[in-house]
Amino acid sequence: MCPLENTFETRELTLSMGPQHPATHGVLRLVLDLEGETVIKCTPYVGYLHRGVEKLAENRTYTSALPLTDRLDYISSMNNNVGYVNAVEKLFGIEAPERAKFIRTMVAEMGRISSHIVWLGTHVLDIGATTPFLYAFREREVIMDLFEMLCGARLTVSYPRVGGVRNDVSQEFLDKLYAFVLDFPSKMDDYETLVTENRIWKKRTVGIGVISAEEAVNWGLTGGTLRGSGVNYDVRKHAPYDAYDKVEFDVPLGKNGDCYDRYLVRMGEMRQANRIIKQCIEKIPGGPPVLSDNAPELDMSAEGFRKLTPEMSLEHAYLSFSGGYETLAPEGEVFSSTEAPKGELGFYIVSDGSGRPYRMRVRAPSFVHASAIPRLCVGHFVADVIAVIGTIDIVLGECDR
Amino acid sequence: MNILGITIAPYIINIVIILLKIAVVIAIGLLHVAYATYFERKVIGHMQVRLGPREVGPHGLLQPIADGIKLFFKEDIIPANADKPLFYLAPVIFMVSALTSLSVIPFFDGFVIADINIGLLFIFAMSSLGAYGIVMAGWASNSKYSFLGGLRSASQVISYEIAMGLSLVGVMIMAGSLNLTDIVRAQQAYPTGMFAIPQFVGFFVFILAAFAETNRLPFDLPEAESELVAGYFTEYSGFRFALFFLGEYTAMLIMSSIASICFLGGWGLPTFITANLPVFLWKALGLGMFLVKVYAFMFLYYWVRATLPRYRYDQLMAIGWKLLIPLALANIVITGLIKIWIKGML
Amino acid sequence: MPSEYLPILIFLMVATAFGIGALLIGGLLRMKRPYAEKLMPYESGNLPVGEPRYRFSVKFYIVAMLFVVFDVEAIFLYPWAIVFDKIGLYAFIEMVIFIVILLVGYIYAWKKEAFVWD
């Protein structure tokens, strides 16, 4: 028992939430100081999923570092790949052919939908509604199947390549995708019927985790988390890469910067992503999907493996991935950022003129957002911490790298 | 009485009959609880575009039994520093208090284990006892998540108990009794056959309070999976966990039975049926009616669980104290006024 | 009549025997392999920090106190509701006065923010 003189001190409860907790989306650990049920202090701890992706990349060629980026935000590996190849292309000073740009835009938006769908499902599940979670995974399955059809992988795709994409899209794929695109808005309506105007949902999210526009910018928030506060900043609009300058889309904005607005923004983004995919399918030009001069020639699609030609032998494949054929990069450094589903994903690459990056640094939105959790949580209830974690949409693979 | 030449005192025969009745009710009650979980998983499964259990037995029909066997043989982990006697007893108290309520529920006309004149009050008393089990579990586990869950649950259950108690006063005024059989009979005599229509406010309050009392969505905060992991039974495993589970589902069954008996007419049938059919037939029909109503209410539980998110703790308390209690009080006063007006006493 | 309550007593004993009996029989059959990590209370995969039985919010006590007041009210309402037919208008007015008095306390508690959680 505690001594008598301490008996009358107010004692807070220190509660460790995570890394093994159903609602911390991976291995985030929050140490909460509670007074009653109110959070008075919140300290996030990251690093449980650190694998040293940045360091690993230094020992790999530019091509073989690509699969590492799959493992950053593993929910949307396609967007990480697109971000990475854009940075490397900037370093090499090359540009992908037009068709490849459209394909990349298309698959990146598919990645955005699949990422947002997982966000929606888990976020809503945390607040207690179970059904949208399963609805969401039904649609995600379609996208996963399409990815599988496209490149053989479902989760860690490694589909884009420096100078293009790995293989061309088939007409069958485009048809199936188009069918999905036409169907998806009605599925969105399904989710929205269950959630958007639900009174309990609004009670749980309106006015929770409010952050003003100015503060959001100062905290370095990006993506939907920033736009929920009403700041119109979207890399796809302000520094268009790939084919984003050739498609029309709106940037949904929130007003109040609370959980509900962030929710609305992400729901809007899904509809816009759907719109972009539709335009990409309609406008996709012909031509080669990859620059044959600059990029390592590798047909890694399922068929490619089966009919290996003499000049494209297994040995060739091995060499180009193990670094036997190093494409020498020009000396210098680049920073290139893309709009990943979680926010602005930046790659900073320093080259010393060899075939491998001297230093690769990832500006991961989840890491920045995780740092804002205390700001959003303090003063709220424990239950609101769950809403906040859900709404800023972090993935620890990207945060810890 | 004389059986095989041995004289048996009548009270022993009475006790044997009571024991048989109890055995039947407990066995069938537990089977219902087991299959309520199966029903829930199937219903929610189909609402969520999946199939629910399918592997064990045809259409997964043996799944609840497989679950029971698994839980029976699972290791019983008692956390270090736990308050052992309380930790041992808590699930038993919780389960027993829920199960004992079954003894006053009339399943059909004339079948009730204990036909006491304060049946409704007895059920309230038992559900209050159940709260002890929850608090003890939260306290004894020596875990913060359990403790928070236990506290939350205690204040939730006692808050909503008031609302529930008040919501049924209207029914008591109309029926003039606390005996559940009498309440059903009073409804039979009533033109609409059920109190849910004149007592719609009371029924509304009762539904919300029933959801909160049994810790179900949208009020499942004590065991809010995403916040408190599993609330007060976080540390429980194996058969002790199963006892909590049994208790919870029995409580749901009890609440559904009360809804059926006090608001939906129970086993009551129109008089032209009871007058023209043989007794055993209309009694069986009455049992069928009762079960259909009970399962309809259970279905409501599942439907809501598949549809709604969960309230926050302060919102839950606000609904209980600021909305349901005034509503229930107003309902009592208005019911009394109308009753007096009908009787021409004004 | 106490004999009406006998079945309840028997039921209580049978139910308790079922609960404890199942636990005891199960205790003989199931395996037991405890070790320190398994017996640690759950705290999201970390070593527990501090004492879990901390001092909790006074709000819980307030709820308990309010509960006593209102539950007693409900208990007073039950017998009144049952004999409502027989006692008529006079008792009704009496009970309305009783409810109004309670309502004053209720409004007081509301104004004192006893129902606000923070």
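The values are calculated or read from the model by the stated rules, or taken from the named source; none is laboratory data. Not measured: the values here are computed from a predicted model. Note that we place each Cβ from the backbone using ideal geometry, even for glycine, and neighbour counts take in every protein chain shown.
Observations on the structure shown:
- All conditions but one from (1) in contact (Cβ under 8 Å) with a residue 12 or more places away in the chain; (2) more than 7 Å from chain C (Cβ to nearest Cβ) apply to B:S143; the one that does not is (2).
- On inspection, B:I261 does not qualify as in a helix (DSSP H, G or I), surrounded by 17 or more Cβ atoms within 10 Å (Cβ to Cβ) and within 14 Å of chain A (Cβ to nearest Cβ).
- So B:V25, is it modelled with pLDDT of 85 or more and either over 30 Å from B:F147 (Cβ atoms) or assigned to a helix (DSSP H, G or I) (or both): no
- The stretch A:33-44 residues that are under 19 Å from C:P48 (Cβ atoms), paired with ones that are surrounded by fewer than 19 Cβ atoms within 10 Å (Cβ to Cβ) and basic (K, R) (beta carbon under 6 Å, 6 or more apart): A:D33/A:K41
- Those residues of the stretch C:81-118 which are in a helix (DSSP H, G or I) and touching a Ser or Thr at 6+ places or on another chain (Cβ under 8 Å), in sequence order: C:I82
- Note on the stretch B:264-294: among residues that are assigned to a helix (DSSP H, G or I) and under 22 Å from B:S167 (Cβ atoms), the one that is nearest to the chain's Cα centre (by Cα) is B:V294.
- Candidates A:G220, A:G224, A:G209 - the one that is more than 14 Å from every other protein chain (Cβ to nearest Cβ) and at positive phi: A:G220
- One residue from B:V33, B:V43, B:V49, B:V56 being assigned by TED's automatic domain parsing to the domain that holds B:N14 and at positive phi: B:V49
- Restricting attention to the stretch A:37-58, the residues that are under 20 Å from A:H21 (Cβ atoms) and not β-branched (V, I, T) add up to 9.
- Taking the criterion of being surrounded by fewer than 22 Cβ atoms within 10 Å (Cβ to Cβ), within 15 Å of A:E269 (Cβ to Cβ) and touching an Asp or Glu at 6+ places or on another chain (Cβ under 6 Å), the only residue of the stretch A:207-235 that qualifies is A:V235.
- Just one of the listed residues (B:T234, B:T271, B:T250) is surrounded by fewer than 22 Cβ atoms within 10 Å (Cβ to Cβ), touching a residue at least 40 places away in the same chain (Cβ under 8 Å) and of a type outside the set (K, R), namely B:T271.
- Residue under evaluation B:I78, criteria (1) more than 9 Å from chain C (Cβ to nearest Cβ); (2) farther than 26 Å from B:G165 by Cβ; (3) not aromatic (F, W, Y), criterion not met: (1)
- Take the conditions (1) modelled with pLDDT of 90 or more; (2) surrounded by fewer than 17 Cβ atoms within 10 Å (Cβ to Cβ); A:F180 misses just one of them, which is (2).
- Residues that are part of a loop (DSSP other than H, G, I, E, B) and surrounded by 17 or more Cβ atoms within 10 Å (Cβ to Cβ) within the stretch B:179-195 comprise B:N179, B:M194, B:F195, listed in sequence order.
- Restricted to the stretch A:27-116, the set of helices (runs of 4 or more DSSP H) holding at least 3 residues that are among the aliphatic types (A, V, I, L, M) comprises A:53-57, A:77-92.
- Answer residue from the stretch B:308-339, given it is small (G, A, S) and facing another protein chain (nearest Cβ under 7 Å) and is farthest from B:L166 (Cα to Cα) among those: B:A318
- A search for C-beta distances below 7 Å between a residue of the stretch B:275-297 that is in the same structural domain as B:I207 (by TED's automatic domain parsing) and surrounded by 12 or more Cβ atoms within 10 Å (Cβ to Cβ) and any residue that is acidic (D, E) and modelled with pLDDT under 80, counting only pairs 6+ apart in sequence or on different chains, returns B:K283/B:D109; B:G286/B:D109.
- Residues in the stretch C:64-95 that are more than 18 Å from the chain's Cα centre (by Cα) and crowded, with 17+ Cβ neighbours inside 10 Å: C:L77, C:Y78, C:W80, C:A81, C:I82, C:F84, C:F92, C:M95.
- Members of the stretch A:140-165 that are in a helix (DSSP H, G or I), surrounded by fewer than 17 Cβ atoms within 10 Å (Cβ to Cβ) and in contact (Cβ under 8 Å) with a residue 12 or more places away in the chain: A:M149
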